[in-house]
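> Quick one: the structure is below, questions incoming.
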Amino acid sequence: MKHFGKLMGAAFLAGCLLLTPGCAVPGSGGGKLEKYSSAQRAVIASTERNRWEAAFGIGILEMKTGEGTTFADELSSEVDGFMRDLRVVRAACGDQGVTLNRQEAKAAKSAAAEYDGSLTDAGRENLGGVSREEIQELYHDYLLAVKYAGELSGSGPLEVSDSEAKVIRVLRAAADDQETAEKLREAAAAGKDFTAEARALGLSPEECAVGRGECGTDDVEAKALEDAEFALARGDVTGVMPSGGKYYVAKCIDDYDEEATEERRERIGRQRVGAAMKKICSSYGEPEEPEGTPASLAPAESLPDCPPEADFFAIFEKYRADLS
């Protein structure tokens, strides 16, 4: 969950400190600062465990990090930080009089019902017997945090446009010299099989999912390659594009990967919400009582297993989209 706060610039929500009075811990004006239950923590932890294991493999939690701890230690700590931030923002919303309207409250309730319905008996037991009411409170509070952050930022920065989220799929091959790359380009442009022609030239073609802006802005050649790929329609081929000492040719096989685009939209949205929550929390200060993993649980045990359908954030984005 490091993505919750590390990809946004320091200027994001810079007005928070001005718009939120004082720097005291919230709660004195009606905001609720009570900790979430261990079962509610388990809801978030299980979602993040599933995401990490889907991305990096089942054994990722047991692997050691560079600091001698395991990824389970790191992820467990990140979950605790998220829960702490959420309860501080919830209290800040209470102090500022930020509430959900009827439609928003209904969306939170519907999201909770879908999440609750996705749980098997074993899954619910793994989550400490979490109740629908506890799940609904989480959805209510997270939607409240998103709403408050949007109000402080003028709403715009939290929205993820289609152009930002768009993912395409290309076949790409890199040659050491321009002449070889040009041979591949000519063959592919003539309708010949890209993969077969690349291999015949001694190249190693690969299928890539490409998101806009993933190459950054500092590498001019990489940015030019990305721009060329995004300009393609399905079946089109780029020219020869130099980048990093290689010569690239790419063929578009999908100019709009809908599933990957929605996943990327959700990921970017979560990054922005997380950064906004961090900013709000920094203006108030930390709660006196830390969140903390239950002392009886080892880090791996604090990341319970649950069916992949019980994805808290994916379900949230589904119902949040209906409010747009």
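The values are calculated or read from the model by the stated rules, or taken from the named source; none is laboratory data. Bear in mind that the values here come from a model prediction, so they are computed numbers and not experimental data. Note that each Cβ is placed from the backbone with ideal geometry, even for glycine, and that neighbours are counted across all protein chains shown. Protein only, heavy atoms only, side chains kept; ligands, DNA and RNA dropped before computing areas. Shrake-Rupley method; radii C 1.70, N 1.55, O 1.52, S 1.80 Å.
> Every residue in region 187-196 that is in contact with a strand residue (DSSP E or B) (Cβ under 9 Å, 6 or more places away or on another chain) and open to solvent by 50 Å² or more (accessible area, probe 1.4 Å), please.
Ala189
> Another question about this same structure. Condition check: polar (S, T, N, Q), open to solvent by 20 Å² or more (accessible area, probe 1.4 Å) and either closer than 22 Å to Ala321 by Cβ or touching a Lys or Arg at 6+ places or on another chain (Cβ under 9 Å) (or both). Does Asn126 satisfy that?
The answer is no for Asn126.
> Still on this model: Go through Arg265, Arg270, Arg234, Arg199 for me and flag whichever is open to solvent by 70 Å² or more (accessible area, probe 1.4 Å) and within 20 Å of Lys166 (Cβ to Cβ).
Arg234 is the lone residue from the list that is open to solvent by 70 Å² or more (accessible area, probe 1.4 Å) and within 20 Å of Lys166 (Cβ to Cβ).
> So, one more: Being out of contact with any Ser or Thr (no Cβ under 8 Å at 6 or more places or on another chain) and basic (Lys, Arg) is the requirement here; does Arg124 meet it?
yes
> Taking the criterion of being open to solvent by less than 20 Å² (accessible area, probe 1.4 Å), touching a strand residue (DSSP E or B) at 6+ places or on another chain (Cβ under 7 Å) and either touching a residue at least 40 places away in the same chain (Cβ under 8 Å) or in a loop (DSSP other than H, G, I, E, B) (or both), would at least one residue in region 47-67 satisfy it?
yes
> For region 100-122, enumerate the residues that are of a type in the set (S, T, N, Q) and more than 12 Å from Arg320 (Cα to Cα).
Asn101, Ser118, Thr120
> Here is a further query. Would you say Gly9 is modelled with pLDDT under 90, on the phi > 0 side of the Ramachandran plot, of a type in the set (Gly, Ala, Ser) and within 22 Å of the chain's Cα centre (by Cα)?
no
> On to the next question. State which residue is modelled with the lowest pLDDT when the search covers only region 202-215 and only residues that are under 24 Å from the mean Cα position of the chain (by Cα) and open to solvent by 30 Å² or more (accessible area, probe 1.4 Å).
It comes out as Cys215.
> Hey, among the residues in region 73-95 that are out of contact with any Phe, Trp or Tyr (no Cβ under 9 Å at 6 or more places or on another chain) and farther than 21 Å from Ser282 by Cβ, which one's least open to solvent (accessible area, probe 1.4 Å)?
Ser76
> Kindly evaluate Val167 against the criterion of being of a type in the set (Val, Ile, Thr), within 18 Å of the chain's Cα centre (by Cα) and closer than 30 Å to Val240 by Cβ.
For Val167, the condition - of a type in the set (Val, Ile, Thr), within 18 Å of the chain's Cα centre (by Cα) and closer than 30 Å to Val240 by Cβ - is met.
> As an exercise: evaluate Lys251 against (1) closer than 30 Å to Ala314 by Cα; (2) of a type in the set (D, E, K, R); (3) not in a loop (DSSP other than H, G, I, E, B) and give the number of the one condition it does not meet.
So Lys251 meets the others, but not (1).
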